[in-house]
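Quick notes on the structure that follows.
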Amino acid sequence: MILVCPSLLLALCLLGSGTGGPPTRGSPPRASLGQLERWGRSAVQYLKLQRCRRVGSSPAVGGCRPDGMQLLNAALYVSELVTHLGAPEKVVALLPDSSDPTGLGVYRAGGGPRPTAAHDAVLLVDPSPGENFGHPVVLFYVDMNVTKKRCSLMEGLYFGEECLTLALKGRCQNQLKRRSSTSQRLLRNLERRAGPCEVTFLPLVVGLRDSNKTQRLRCIEHPEFGPCPRTLPPPPPIQQLSSCELNRNTRRCHHPPLASQGSCRLYQTCDHALLLSGGWQQQILFQHQLQSLQKFYGMLRDNGFHQDHIKTFFSGPGHTPEGMQGALPAVEKAVIRQYVSYVCRKHHCVDSLVLFLNSPTCTDGSMLLWDHNLNGIAELKERYSVNELLVDLAGCRASRVLVFVEQSYSSVLSKRLRSSSKHLNVVPIISPAQQYPDPGEGSWKHLTPRTCLIDHLGKGQEKSGLLSLWAGLLNVTLAGAPCKATPPLTDAQLQREYLGCQNLPTALWYHHRT
């Protein structure tokens, strides 16, 4: 949700607004005039200062580099001040990819013994608003009524009974090593995009006693910061069974089976596709994700894919993408895996199998599907790991498997596929365009029934080794038609022999019958 205020001083309208859910009992405490502005400006100036110090210490360069972090484009998030029974209440920050099983896996940068997880407020600066998560963000804790000495021990910024401290992810490699200063820790995490301790998601910030886990973190519009990213509106409320377990199939929790058994017909091979765009939670479900999904779907239809053979999984329950028949919520992890495994195990079922991955991603490459129980923690049934995807695709009997990846940390999947002997027909196609909002700029743009994959994709993949490793699989069109047929294929031949589905000779079918 985005709140628009004419000035950061007027961002006080955020406090006590109740936009995150039912208001708590009593009036929330009001921040003093200019308090939020002081927090935000101090955080930005602190980051800029450390950037300048780092570059200025280099013997080759002096001053600040102009190509540093563009903080003027950064989005600012601030948590509401929370009350419980009329008294101020502290908040905790929960990260979906935390290794802490309680979810309280965000620490101060100071190291040493585990600090108290609860704080008065949370401040977050997103240097890349609108870019797919995960990507590095800078998280600060705000503690009030703190002495200058105590703030100094926490290596924070002191504002007179207010202390601003940098937060890093807990239980990670960097936390096991001592650092000489907060500056070194901060810079190491800002400059290394896949560092183990950096925060790469918006946390779920909730009141310490809030059993409903209402999100208190809000984005604030202000001219000195970048605009808040455009998110999709929440779906209309639907009635759900709270006791429904996604990994069980009971009368109280029944999900209709996906029509995958009828997808592989006798004596016929077809092109199939699976589109997966999990959003994790409403606050990071951006409009460009839906637009990319719809455009990719349209591209597949233009290339002859039947709509019954395009399975779409998008965000959580209630979101229904227009123009996509039979779209299901991304919470259906078991159905996703069953479908991929089924079409891969059947002989002659699939010619071209296309996967489109566009989800929030952890640093280990795991895709976050949807926070179904709204607890802020990515449990096993709410994430689709690289290992699980590789297991589902291992030994796939499709002629070719094309995995189009438009999400963060895509190199994890690419590296695993390069070294695997069980995925020789699986080609990862990494989109060179990760900046938004301009959907449709990925490596699949302009693919037509006559476009040769090796010519189209090779324009941006020379350095990735894509052409040398998988040239044989890419010397065709998306539907498997040869690139340079002599004489050229007519439209009727292309439609009859390659697009959509083709009939197979009976002898060929029974030769590899399963």
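The values are calculated or read from the model by the stated rules, or taken from the named source; none is laboratory data. Please read these numbers as outputs of a predicted model, since none were measured by experiment. FYI the Cβ positions are ideal-geometry reconstructions off the backbone, even for glycines, and counts take in every protein chain you see.
Of note:
- Residue within the range 282-304 that is assigned to a loop (DSSP other than H, G, I, E, B) and within 23 Å of ALA479 (Cα to Cα) present: yes
Per-residue answers, yes or no, for (1) modelled with pLDDT of 75 or more; (2) in a loop (DSSP other than H, G, I, E, B):
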| site | (1), (2) |
| --- | --- |
| LEU168 | yes, no |
| GLN175 | no, no |
| GLY195 | no, yes |
| LEU202 | yes, yes |
| CYS219 | yes, no |
| GLY226 | yes, yes |
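- Check on VAL412, assigned to a helix (DSSP H, G or I), modelled with pLDDT of 95 or more and of a type outside the set (Asp, Glu): no
- Looking across LEU293, LEU368, LEU393, LEU355, one residue alone is among the aliphatic types (A, V, I, L, M) and within 13 Å of the chain's Cα centre (by Cα). It is LEU368.
- Long-range neighbours under 8 Å by Cβ, at least six apart or interchain, first residue in the same structural domain as ASP126 (by TED's automatic domain parsing) and closer than 17 Å to SER443 by Cβ within the range 272-299, second surrounded by fewer than 20 Cβ atoms within 10 Å (Cβ to Cβ) and at pLDDT below 95: none
- For GLY472: the one exception among (1) at pLDDT 90 or above; (2) part of a helix (DSSP H, G or I): (1)
- Residues that are of a type outside the set (Val, Ile, Thr) and under 30 Å from GLN493 (Cβ atoms), drawn from the range 325-359: GLN325, CYS344, LYS346, HIS347, HIS348, CYS349, ASP351, SER352, LEU353, LEU355, PHE356
- Considered as a group, the residues in the range 244-278 that are over 27 Å from the mean Cα position of the chain (by Cα) and hydroxyl-bearing (Ser, Thr, Tyr) include one that is modelled with the lowest pLDDT, and that residue is THR250.
- Search result, residues across the range 349-387 that are in contact with a helix residue (DSSP H, G or I) (Cβ under 8 Å, 6 or more places away or on another chain) and among the acidic types (Asp, Glu): ASP364, ASP371, GLU382
- Residue that is surrounded by the most Cβ atoms within 10 Å (Cβ to Cβ), among those in the range 326-381 that are assigned to a loop (DSSP other than H, G, I, E, B) and of a type in the set (Val, Ile, Thr): VAL331
- Pairs with Cβ under 6 Å, 6+ apart, first in the range 435-460 and within 18 Å of ALA471 (Cβ to Cβ), second part of a loop (DSSP other than H, G, I, E, B) and modelled with pLDDT under 70: GLY460/PRO432
- Of the residues TYR77, TYR107, the single one that is of a type in the set (Phe, Trp, Tyr) and modelled with pLDDT under 75 is TYR107.
- Residue within the range 271-287 that is out of contact with any helix residue (DSSP H, G or I) (no Cβ under 6 Å at 6 or more places or on another chain) and of a type in the set (Ser, Thr, Tyr) present: no
- VAL403 being closer than 30 Å to CYS197 by Cα, assigned by TED's automatic domain parsing to the domain that holds GLN493, part of a strand (DSSP E or B) and modelled with pLDDT of 95 or more: yes
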